[in-house]
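Everything on this sheet refers to the single structure shown next.
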Amino acid sequence: MSWPSRRARTFPHGVHPPEEKQFARDVPIEVVPTPAAVAIPLLQHLGAPCQAVVASRATVALGDVVGRAEAPVSAPVHASIAGVVQRESVATLPNGRHVTTVPIKAAGEQLEGQALYDAHFGGDWPLAGLDEIAPAEIVAAAGEAGLVGMGGAAFPTHVKLAPGPRRPVDTVLVNGCECEPYLTADERLMREAALPVLVGAKLVARAVGAKRIVVGIEANKPEAIAEMRRVAPELGIEVGVVATKYPQGAEKQLVYALLQRIVPGGKLPLDVGVVVSNVATAAALARAVLRGAPLTHRVMTVAGHGVREPKNLLVPIGLRLSEAIEAAGGLTDDAARVIAGGPMMGFSVAYLDAPVTKGTSGLTVLAARDLDAEPERACVRCGRCVDVCPMGLLPTRIALAARYGEWELAGSYHARLCVECGCCAFACPSRLPLVQLIRVAKARLAKMTA
Amino acid sequence: MTAEPVRIAPAPALHVAPGPHLTVSDFTARRMMADVLLALLPVAGVAVWIFRWYAVLQIAVCVAAALLAEALFSRLRRRRAPLDDLSAAVTGAILGLSLPWSAPWYVGAIGAFAAIGLGKAAFGGLGQNIFNPAMVGRAFVMVAFAASLAGGAYVRAEAALPILTQATPLSLAKGTAGAVALPGLWPLFLGNVNGSLGETSALACLVGGLYLCWRRSAAWQIPVWTLAGAAAAAVVANLLDPATPLTVLHHLFAGALFFCAFFIATDPVTSPLSPRGRAVFGFGVGVLVVLIRTLSSYPEGVVFAILLMNSVTPLINRGTVPKPFGGAVELPGGAK
Ligand code: SF4
Ligand code: SF4
């Protein structure tokens, strides 16, 4: 089957989960009070873990480096509050990884409240002179600030911005889709801080030498679209409205929707001359380059029937998840599942003392009534998973192969191309754990080719 | 902010499960089966209107026997009887609707047992079977009770309802019922003719079938391509034998083609996965139905057309693996 080539601002297949943005989309970003302590994970990104560079009982200021790695694909981590370093500890991140953390106990003057908010989003952002900044300077600032993709994958930004000379980039896409249900952090950011987002996008383009910048926003965020459109023309940035469909924010799907370019299997947007950057990452880059501020805080959503006061919060990295939930009024009596991230791709967490990382876009808290009571049944080969897979795969076949340990067979059904978006399992009438099975197959295949 | 103290539920109260944590709410395997039963209502309604108590009895016997068989075979295989997935009821209903009004009750009952036992349980239950269970049951009784199911069995001169004294349209076309004019296209479409219980009204099948496709409980490609395949084959048949009384539209509206296209061929378990596979499958069913009608001694070809295409469904699946978005990954050394 050939993929539709008509100019449609969306991608083939996909699903329409309930949007559930009503919980927090109109709640302005609120600064969480400085916690008594934070625990900074030494691995929050894709790549090599950091080593702690501060000794126990050392005093650190906000933004001081607490861990870094020599490896090229890595990102340093910074103190997100002022205080005293404690003995190294271990935490289990929502994705199941055990990581070393550097705990910091709050002490001394803190930057907090409105001042912290303004340091992030307020004040002046120069519109002129951005083109005079040397690309190398931008890449270095991103590396020093510990920037990673804040949409979820957490790939170090300075690596992404420094592509080899043989791959020219002509377009930067700014990802403001936020297609995961419940999450509204990016939407708030675009509505409250359009300027740093767009300035950051300019810097991304400057770093990679791209001429064109397009912001992609799903049609269900009219206020964000209006606000971005108000500011964007001054900077020569286009704002493209894309259909509200999941996973519209997946890189390959967004590249197709906005530019009608198809990223070949196993390749990156870079291979078709595109760099995709999340809106939060863009804003963090603006802060890093123009204000020299490292990535110490992020905006996250805490929403769902399971929390009393759904909110968008500006939180320090390393804040315990339970404290983020407290800041949103605490769990309701019928709260049943806490998910790090959105409900489609997020991981359910058992222990709420896990720390917030750079990639934590929010917490979705479902109540008992939101959970699906439908039992798992045999695959009825209905092909719904096939009809919705945005990568054009046969999810049921890959899952079946994985169930029987037939890794090569799973590979021949292109298991490697799965982006783990969850559309297939969302649509499956027999409620098969398709993504889980496919993930196992992917892991085995990766090991086999390695 | 409320003044009440913040409560954090103890960790064990939180469920941990793999994502995604949302699932489509109005689409479950059970609901798919319920949709089929619902979509069969207009078909069953027409059947009852034409064949009265014969239809009621036949369908009831088949559904009851299918449920009983499902319970029994699940028991034998030491599984909990998955009656709540409604698939056995669907098999029973489709089998019942595919039988003639005159078939004795035990034909339906035995057919239902064959359908569930041979057609499904023997393969390992729901989702594992290769052949459409209802058609396995239908084929079984066609062979075992050939006389009760032959074209002549539909006609009883002494029947109380006048329609039951007429031969079925396809038997007429075969010439086995003497030279009587075929019914017009309009009665064929509406269903006011003799035949198997569920097949007479193309209109009722269309109404129920469109609902199924709209709900996506049936893949729309299958009925579309089945009808297209039958039409294409009928055109060829007409060209080869211009004297045949069956025009293309007769082929479409007479017999069980619509029932087959919307309710039998669309059984998800035994039809292909991908849109292209479904098209190939449907087209094959349509062509085979017309082929069997014209060339074999049977007036109708649905049962064998479906069983034949079921048997090549794994092949179709293998030949129609969709091309991934962006093409396959190229691995160093050409490995897969
Ligand atoms: S959606 Fe579920 S039941 Fe349907 S084919 Fe895919 S895995 Fe099987
Ligand atoms: S197979 Fe992978 S890419 Fe396709 S729908 Fe499922 S999770 Fe998404």
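For the stretch B:12-42, a reduction of at least 40 Å² in accessible area between the chain on its own and the assembled protein chains (probe 1.4 Å) is found at B:14, B:15, B:16, B:18, B:20, B:21, B:22, B:23, B:24, B:27, B:28, B:29. For the stretch B:109-119, the Karplus equation 6.51 cos²θ - 1.76 cosθ + 1.60, evaluated at θ = phi - 60°, returns couplings of 5, 5, x, 5, 5, 5, 4, 6, x, 6, x Hz by residue, with Gly and Pro reported as x.
Per residue, chain B exposes 43 Å² of accessible surface when a 1.4 Å probe is rolled over the protein heavy atoms with every protein chain present. Remark: for residue pairs A:221/B:323; A:211/A:311; A:202/A:358; B:120/B:323; A:105/A:202, the C-alpha separation exceeds 30 Å in A:221/B:323; A:211/A:311; B:120/B:323; A:105/A:202. The alpha carbon radius of gyration of the stretch A:225-344, expressed as a multiple of 2.2 N^0.38 Å, is 1.33. For residue A:30, nonlocal amide neighbours, meaning residues 5 or more places apart or on other chains whose placed amide H falls under 5 Å from its own, are A:312, A:313, A:314.
Rounded to the nearest 20, the size of the Cβ-charge dipole of the stretch A:34-111 about its Cα centre is 160 debye, with Lys and Arg at +1 and Asp and Glu at -1. Basic side chains Lys and Arg get +1 at the Cβ, acidic Asp and Glu get -1 at the Cβ, and with that the dipole of the protein assembly as shown about its Cα centre reaches some 2000 debye.
Heavy-atom accessible surface of the stretch A:216-295, averaged per residue, reaches 30 Å², computed with a 1.4 Å probe. Counting protein heavy atoms only, chain B has 69 percent of its accessible area on carbon and sulfur, 1.4 angstrom probe.
Please report the antiparallel percentage of the DSSP beta bridges confined to chain A, to the nearest 5.
Values: 36 of 57 bridges.
Looking only at bridges with both residues in chain A, the antiparallel portion is about 65 percent.
State whether chain A is rounded, prolate or oblate according to the following rule on the C-alpha gyration tensor (a ≥ b ≥ c being the square roots of its eigenvalues): a/c under 1.5 gives rounded; otherwise a/b larger than b/c gives prolate, and the remaining case gives oblate. Verdict is rounded for chain A.
If you run the Gaussian network model on chain A, springs between alpha carbon atoms under 10 Å, then out of A:24, A:193, A:115 the most flexible one is A:115.
Rolling a 1.4 Å probe over the protein heavy atoms of the stretch A:1-105, with every protein chain left in place, gives an accessible area that is 53 percent carbon and sulfur. The phi-based Karplus calculation (6.51 cos²θ - 1.76 cosθ + 1.60; θ = phi - 60°) puts the 3J(HN,Hα) values of the stretch A:220-228 at 7, 10, x, 5, 5, 4, 4, 5, 5 Hz, whole numbers, x for Gly and Pro.
Considering only the stretch A:117-264, what is the antiparallel percent among its DSSP beta bridges, to the nearest 5? All intermediate terms of the calculation are to be shown ahead of the outcome.
On the way: 1 of 12 bridges.
About 10 percent, rounded to the nearest 5.
The loop-placed chymotrypsin sites (Phe, Trp or Tyr not before Pro) in the stretch A:348-450, going by DSSP, that have at most 15 neighbouring Cβ atoms within 10 Å of their Cβ come out as A:351, A:404.
The magnitude of the dipole of the stretch A:212-337, with charges of +1 and -1 set on the Cβ of Lys/Arg and Asp/Glu and taken from the Cα centre, is near 360 debye. Note on the stretch A:186-214 and the stretch B:126-171: Cα centroid distance 70 Å, given to the nearest whole angstrom.
Using C-alpha pairs under 8 Å with a sequence gap of at least 6, the mean separation divided by the residue count of chain A gives a relative contact order of 18 percent.
Distance from the C-alpha centroid of the stretch B:207-249 to that of the stretch B:66-104: 28 Å, rounded to the whole angstrom. The sum of -39500 (n - 2.57) across all DSSP H runs of n ≥ 4, divided by the residue count of the protein assembly as shown, sets its helix-only mean residue ellipticity at 222 nm to -12000 deg cm²/dmol. Taking all protein chains as they are arranged and a probe of 1.4 Å, the heavy atoms of residue B:87 leave approximately 10 Å² accessible to solvent. Residues whose amide H lies under 5 Å from that of residue A:215, counting only those 5 or more places away or on a different chain, are A:174, A:238, A:239, A:240; hydrogens are built 1.01 Å from N in the peptide plane.
Rounded to the nearest whole Å², what accessible area per residue is found for the stretch A:306-450 with the 1.4 Å probe? All intermediate terms of the calculation are to be shown ahead of the outcome.
Numbers: 4600 Å² over 145 residues.
Ligands and nucleic acids excluded, the result is 32 Å² per residue.
Under 5 Å from the amide H of residue A:155 lie the amide H atoms of A:46, A:149, each residue being 5 or more positions distant or on a separate chain, with H modelled from the backbone and absent for Pro and chain starts. Each residue, residue B:25 and residue A:115, gets one label point 7 Å from its Cα in the Cβ direction; the gap between the two is 4.7 nm. The stretch B:294-325 and the stretch A:43-70 have Cα centres spaced 63 Å apart. Ordered from largest to smallest accessible area (heavy atoms of protein chains, 1.4 Å probe), the residues B:110, A:104 come out as B:110, A:104. The alpha-carbon positions of the stretch A:34-111 define a convex hull whose volume is 84 Å³ per residue. Working note: Karplus 6.51/-1.76/1.60 with θ = phi - 60° gives the stretch B:28-43 the couplings 10, 4, 5, 5, 4, 5, 4, 4, 5, 4, 5, 5, 6, 4, x, 5 Hz, where Gly and Pro are set to x. Buried accessible surface for the B/A pair, both sides summed and rounded to the nearest 100, is 5500 Å² with a 1.4 Å probe.
The values are calculated or read from the model by the stated rules, or taken from the named source; none is laboratory data. Since this is a predicted model, take the numbers as computed values, not measurements. Heads up, the Cβs are rebuilt from the backbone with ideal geometry, glycines too, and the neighbour counts pull from every protein chain shown. For the accessible areas, the whole protein counts, side chains as well, though only heavy atoms, and no ligand, DNA or RNA atoms are used. Shrake-Rupley method; radii C 1.70, N 1.55, O 1.52, S 1.80 Å.
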